[in-house]
1. Only sites in a loop by DSSP and with at most 13 other Cβ atoms within 10 Å count here; which GluC sites (Glu not before Pro) in region 44-134 make the cut?
2. Tell me which residues come under 5 Å, amide H to amide H, from Asp49 once H is placed; ignore anything under 5 positions away on its chain.
3. Among the trypsin sites (Lys or Arg not before Pro) within region 61-101, which fall in a DSSP loop and have no more than 16 other Cβ atoms within 10 Å of their own Cβ?
4. Taking K and R as +1 and D and E as -1, what net charge do the other residues with C-beta under 10 Å from the C-beta of Val74 add up to?
5. For region 23-133, what number results from the quotient of the Cα radius of gyration and 2.2 N^0.38 Å?
Amino acid sequence: MLRKTALPMAIFLSFISLAGAQELNISINSPLDKAKVTGRPAIEGTVSDPRAIVAVIVHPMEVGDYWVQQNVTVKKSGAWKVLINIGRPGTIDVGKHFEIMAVAKPKTLLREGAVLSGWPEAQATSEVVEVTRK
């Protein structure tokens, strides 16, 4: 009797686990794609799991480097906001194009200031936002 009920129970419990799990989503709400930004803009977004580790990455489009920005604090609502660096201090990068992506639950630990060779792997990634330094 135990064998006959064990399999259906295992299937039922697996179904309940999957039904309770939600897909992780992250988005950048500001700035908008194609915006002109200062050298130190605020980036705002939301993540569906407020407990998720969130990181913001900046890619100067003239080079192959991807820069991890300062740590992001996520509010209980899932909203987050962080100041990032777009280019170097001064006017040397004015008019240049940069890509920004936010990631949630990265596969590896991302430290502020780290330089990557591409976008990091993560459980969820935002759309890439392209900005121009003003």
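Derivation of every value follows stated rules applied to the coordinates shown; laboratory data play no part. Because the structure is a prediction, the values reported are computed rather than measured. A quick note on method: Cβ atoms are made from the backbone with ideal geometry, for glycine too, and the neighbour counts reach across all protein chains shown.
1. Within region 44-134, the qualifying GluC sites (Glu not before Pro) (loop, at most 13 other Cβ atoms within 10 Å) are Glu62, Glu112, Glu121, Glu127.
2. Result for Asp49 returns Asn25.
3. Lys75, Lys76, Lys96
4. After counting each charged neighbour, the total is +3.
5. Numbers: Rg = 13.0 Å, N = 111, 2.2 N^0.38 = 13.2 Å.
Ratio of Rg to 2.2 N^0.38 Å for region 23-133: 0.99.
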